[in-house]
């Protein structure tokens, strides 16, 4: 098998994987659509619906690995919880 055929197989399987992401929920965030790929590194970028109702864009691997879980809405809540815990 030559390298062109191998590349096309890789791209095809990659696109199938991305199609499977749409509609799935990861860490409370639901994938709405594939937004595209980054220009330089060609990383897949997703449009995601946060549990608070906001839409945000993130890299697919950040969402799948749990590095990105919300649009940032929980940051303030975590700081408040930490401050309350220190007061007790």
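Summary of computed values
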read-out	value
Test result for residue 74, surrounded by 10 or more Cβ atoms within 10 Å (Cβ to Cβ), more than 9 Å from the chain's Cα centre (by Cα) and at pLDDT below 85	yes
Residues of the range 19-56 satisfying the condition of being closer than 19 Å to residue 72 by Cα and assigned to a loop (DSSP other than H, G, I, E, B)	27, 28, 50, 51, 52, 53, 54
Residue count for the range 18-29, restricted to those that are more than 10 Å from residue 63 (Cα to Cα) and either in contact with a helix residue (DSSP H, G or I) (Cβ under 9 Å, 6 or more places away or on another chain) or surrounded by 14 or more Cβ atoms within 10 Å (Cβ to Cβ) (or both)	2
Top-ranked residue of the range 57-70 - restricted to ones that are part of a loop (DSSP other than H, G, I, E, B) and touching a residue at least 24 places away in the same chain (Cβ under 8 Å), ranked as surrounded by the fewest Cβ atoms within 10 Å (Cβ to Cβ)	66
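The values are calculated or read from the model by the stated rules, or taken from the named source; none is laboratory data. These figures come from a predicted structure and were not determined experimentally. So basically every Cβ, Gly included, is an ideal-geometry build from the backbone, and we count neighbours across all protein chains shown.
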